[in-house]
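Only the coordinates and a few stated rules stand behind these numbers; no lab work does. Quantities reported herein were computed from a predicted structural model and do not represent experimental measurements. Neighbour counts run over all protein chains shown; Cβ positions are idealised from the backbone, glycine included.
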Amino acid sequence: MKKLAVLLVVSALLLSVGICMAAESQKWSTGQKNVMVDRNNDGKIDGVDIYDESGKVVKRGYDSNGDMNVDNWETYDNNTGMPIVVESDKAFLLQ
């Protein structure tokens, strides 16, 4: 009886670990990646490129006035890679 109880506990533990590992793997593989960039090569971050899980750019942010806050965004079409929405936000309300 003790062996059966130990076997059940070990099996439940292994199943739990497997489920957690699968969930963590899924989280990492489907997430977007944000890459900070220096667009004008002055040594300061002045933008961000956001990539989807396949490595395509889905959105780009630009700091147009050098204050290190993104104030212009371009959203890209998944199929063509062309910008489809361009937003400017001098009040920094967009994210």
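Here are some notes:
- Over the range 32-95: Rg over Rh, Cα atoms, Kirkwood Rh: 0.97
- Remark on ASP46: its backbone amide H falls under 5 Å from those of VAL37, ASP38, ARG39, a criterion applied only to residues 5 or more positions apart or on other chains, H modelled at 1.01 Å from N.
- The Cβ shell under 15 Å around GLU74 holds other residues with a net charge of -4, Lys and Arg each +1, Asp and Glu each -1.
- Basic side chains Lys and Arg get +1 at the Cβ, acidic Asp and Glu get -1 at the Cβ, and with that the dipole of the range 32-95 about its Cα centre reaches some 100 debye.
- Taking packing as the residue-averaged number of other Cβ atoms within 10 angstrom, the listed peptides 44-52, 64-72 run from highest to lowest as 44-52, 64-72.
- Over all other residues within a Cβ to Cβ distance under 11 Å of ILE50, the charged ones net out to +1, with Lys and Arg as +1 and Asp and Glu as -1.
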